[in-house]
Each structure stands twice: as C-alpha cells, then as structure tokens.
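Please treat every number below as a calculation from the coordinates, not as lab data. In this text the structure is predicted, and so the values were computed from the model without any measurement. Cβ atoms come from the backbone with ideal geometry, glycine included; neighbour counts cover every protein chain shown.
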Amino acid sequence: MRLLSTEASSCIAGPETAASERFDPFEPSYVSDSYAQLADLRATEPVFFSPEIGSWVVTRFDTVKAILRDTKRYSAMLASDPLTLLCPRARQIITDSDFNVPPLLVNNDPPSHPHYRAFFGASLQRERLQALQPFIQATVDEYVERIAAGPSPADLVAGLTWDVPALVLFRLLGVPAEDVPKVKHWASSRVVMTWGRPTDSEQIQLAGEAVEYYRYAIGLVRRKAEAQLDDYLSDLVRARAGDDSKATLHEICATAFNLLFAGHETTSSAAANLFKAVLPRRELWDAICRGTQALAPVVEEGLRFDPPVQSWRRQTKEAVELDRVQLPAGARLLLMFAAANRDPTQFPEPDEFVPGRRNVMRHVAFGAGAHFCLGAPLARLEVEAMLASVARRLPGLTLVPDQDYSYTPNTSFRALRKLMVSW
Ligand code: HEM
C-alpha cells in the first residue's frame, strides 16, 4: 500500500551553500511574497539544496520546463507526498485506516500514467465542459449579485472565489452542493498537511481529517456504482464496465479524492490572485469594464504573474547536471513555478502585469508535458466568468487599502484567505 508519503525512501542530502542557509520555504514572509527572494536566488544560485525540505530547489524557466517534459529522467511519483515528514502518531492514524491512494495521474510515471490519463481524461473533454457553461455563468452571476446587494466593504474570497469553483466541480462530479463547506475545509487541511510545516499535534488532527476526506470520496463512488447519473464519476463507472483492466473502483475512488482537491482549490486561488493583481491597475480594470480589453489574455497573464501552484515536485531517476550543479539519482526536486514564470530570459519585465504578452502561453502554472493539468480549460473558463461578471456588475470595485494579505500556511499553494474589496 502506498501511503501519503515516501517516508520509507531516505532523503538524499546535497551540499549546503549560501542559498541553502537563506532559504526557508515555510517562513511567513516568504509564503506571503516569494518573488523578490526567488529572483535573487534564480540569478545567484539557480539550483541549490535545501536541507529544510531535503530537496534541490530549481528556479530557471528553461530548466524547470525541461524537467517537466522529461519523464525518462525525472519521476513524478512523489508529487503529492508531504514535504514535512509526518510524526509517528499522524502516520499511524493513516496506516491504521483504510486510506490508500494508489499512484494514478499526478503522482505517477510511465508506463501506467498514459493509460490512466487516457481513461480519466476522456470524459473531461469538451462536451462535459460545454455542458457546464450555463451552470458556471448562472452560479457566478448569482454570487456577484449577492455581493452587490450586500454591504461594502466585503471579502471577495468568502463572497465569490472560495465557493464557485467547488460548486462547479461538484456539479461536474455529481456531488451534493451542501457538502461544499466540508470539502473546502478538508482541502485546506490537505494543503497544510502536504505542503506546509504543521506541528506534531496539528499533523495528528490533519491526518484524521485526511482519512475522513478519503472516506467521503469512497462513499461517493460507491453511490455512483449503485446508480449512475449524468456526471463525470458516473461516466467513469460506465466506461469501466466492470473491467478492472481499465480502472478498478478503488482507482476511481482515489481519483475522486484527488479531484475533490485539485479541481477547486487551485481555481479559487487563481481567481483571488487575479483580482488582487488587476484591481489596483485602474487603467487595465477600466478597459476590462468598458469591454475594450479581451479577458482571456488577462486570465493567462494572471496565471503567469501569480500562479496558484507556486512549486511542484519531481525526483531524479538517474544522476543529472542542472545549471552546472551535479545531482545524484533519487534527488528530490522542488520546481519553482513562481520563479520560472518570472524568469526575465523568458518573460521581459517579468514583474509587470502585461496582458497580451507574446509568449504568455508558455508559462508553467499548469505544469507541462505528460502531466499538463487536465482541468486547465475548465479553470480558465471559470476564472474568466468571474472576471467578466464582476466587471459587469461592480465596475467601481477597488481593493481596501492597507489590508493584510494572509495565505494558507504552506509553500506550494498560494491561497489567499481573504480579499477585502469596496465599491
Ligand atoms: C487554475 C487552476 C489550476 C491550476 C493552477 C492547476 C495546476 C496543476 C498542476 C501544476 C498540475 C501538475 C502538472 C505537472 O506535474 O506537470 C496539475 C495536474 C492536474 N490537474 Fe490541475 N490545476 C488547476 C485546475 C484544475 C481543475 C479545475 C482540475 C479538474 C477539474 C484539475 C485536474 C488536474 C489533474 C487530473 C491533474 C493530473 C494530470 C496528470 O498528471 O496527468 N486541475 N494541475
């Protein structure tokens, strides 16, 4: 059984350098704004070992992208394992339970990854997404209308960006909408347990929640197995047609568990991060509201400028050289999407927000290569719908000045907890 982490495989250490000492990926000031430090590291030590996380940190665009595209030399198997080793009690809570998430998509390699990607990706194609469009529009408009009718200032995260992606995902999966608060809570817990530095007592609590979260996904798929409806999970049960060589019910449960995280957490952050970037740029915001600025390039630049997934993991399968640094086989890597997306060799004036950049589509916010995000078209659709609806209904929206921007405490998922706006 594969657990939440690769604790069994010992972590290979690298040489400690000036960057190793400076870099603390969990430090609150880094979590709230990593960009200046990453720019400096990218220029001075583009690849270095961080003892804090037992990983080599990789910051240059070309290097990050080459790694993502190379499944022969780099493995994705550890992608969703905790960065901080769980304490024995937290681990025991998981091992004593029925928690068992096999490697399928994001944390898998060839030869089985292409098989699962074809099976689980088939029903995420255009027709399902197109069918969702009216629901997305109606849900976004209803939420925006509710904000407009309420008092100003208000929290745009609580009022819009937190719920909408979960409601859309739930409609896609065929999950009752009243479960949104529970699943959003579990998703945030998973972020902290996997990509944060929780204390032992926090880990114990988070491990218990991870087990509940997983059991919820099992219950959901069991119900679909009994009665299929018009939704993605039912599509999977039908497509399997009882044939375990296509996918087992257990594998569908694990995919439901992963999508109940990946399918909304990131999109909520993409929308919140985008509003935070766009609202202070009044010329741009006014052009959006007047309809003279196309929305798709704004959404794409937002994903480049402040990516919801700031860093992602890989492991070397053989000894490699990266930016003149020698790494052994088995070296863990933290690929810094936040640094790659602001690499000036790729994106001139990277700290400027420039919708319509010639090469913006090259950003790595959705990864690249064999594991490129299967939900990217849906995420783009949702973020654009939120931007369009707010611009239409609340053109006078501004950020409340001097507010504190607080993020879920972890190093990979840039999730704003609150975004206060007034109009
Ligand atoms: C703005 C929102 C999103 C961002 C930033 C994002 C980001 C990512 C990233 C970085 C990866 C890993 C790529 C790699 O290893 O190269 C990924 C994989 C994945 N994402 Fe997303 N994602 C988003 C939305 C979604 C949504 C809405 C869904 C589903 C409805 C989804 C489903 C998946 C799946 C299934 C994978 C695994 C693909 C594979 O390994 O073959 N994502 N995503």
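What number of lysine-lysine pairs in the chain show an alpha-carbon separation below 18 angstrom, given a sequence spacing of 8 or more or placement on distinct chains?
Details: K65/K317; K72/K317; K184/K418; K224/K246; K276/K418.
Lysine pairs, 8 or more places apart or on different chains, close enough: 5.
If the viscosity is 0.692 mPa s and the temperature 37 °C, what translational diffusion coefficient in µm²/s does Stokes-Einstein give for the chain when Rh comes from Kirkwood over Cα pairs?
On the way: Rh = 22.1 Å.
For these conditions, the coefficient is 148 µm²/s.
Once the piece of chain linking T95 and L129 is laid out straight, how much longer is it, given 0.36 nm per residue of separation minus the C-alpha distance between them?
8.5 nm
Apply 1/(1 + (r/R0)^6) to the Cβ-Cβ distance of A227 and F372, taking R0 = 25 Å, and write down the FRET efficiency to the nearest 0.05. Write out the running numbers ahead of the final one.
Details: r = 33 Å, r/R0 = 1.34.
The calculated FRET efficiency here is 0.15.
Over the chain, what relative contact order in percent results from Cα pairs under 8 Å that are six or more residues apart? Write out the running numbers ahead of the final one.
On the way: 673 pairs, mean separation 109.6, N = 423.
It comes to 26 percent, rounded to a whole number.
Taking amide hydrogens as modeled 1.01 Å from N in the peptide plane, which residues meet the under 5 Å criterion relative to D81, leaving out close sequence neighbours?
Long-range HN contacts for D81: none found.
Taking amide hydrogens as modeled 1.01 Å from N in the peptide plane, which residues meet the under 5 Å criterion relative to S55, leaving out close sequence neighbours?
So S55 has HN proximity to S50.
For the stretch 266-341, what does the relative contact order come out to in percent, with C-alpha contacts under 8 Å and a separation of six or more? Please list the in-between numbers first.
Working: 80 pairs, mean separation 21.1, N = 76.
28 percent.
If packing is taken as the average number of other Cβ atoms within 10 Å across a peptide's residues, how do 228-234, 173-179, 334-340, 52-58 rank, most packed first? Mind showing how you got there, number by number?
Values: 228-234: 17.0, 173-179: 15.1, 334-340: 27.0, 52-58: 22.6.
Highest mean packing first, the order is 334-340, 52-58, 228-234, 173-179.
What are the ³J(HN,Hα) values, in whole Hz, obtained from phi via the Karplus relation 6.51 cos²θ - 1.76 cosθ + 1.60 with θ = phi - 60°, for each residue of the stretch 161-168 in sequence order, with x given for Gly and Pro?
Calculated HN-Hα couplings, in order: 6, 6, 7, 4, x, 5, 4, 5 Hz.
Label-point separation (nm) for A277 and E349, each offset 7 Å from Cα along Cα-to-Cβ?
Simple spin-label model gives 1.5 nm for this pair.
With each run of n ≥ 4 DSSP H residues scored as -39500 (n - 2.57), what mean residue ellipticity at 222 nm is computed for the chain after dividing by its residue count and rounding to the nearest 500 deg cm²/dmol? Can you show the working numbers first?
Values: 17 runs with 205 residues, N = 423.
That comes out to -15000 deg cm²/dmol.
If you take the Cα Rg of the stretch 1-150 and divide it by 2.2 N^0.38 Å, with N the number of residues, what do you get? Don't skip to the answer; put the middle values down first.
Values: Rg = 20.7 Å, N = 150, 2.2 N^0.38 = 14.8 Å.
My calculation over the Cα atoms of the stretch 1-150 gives 1.40.
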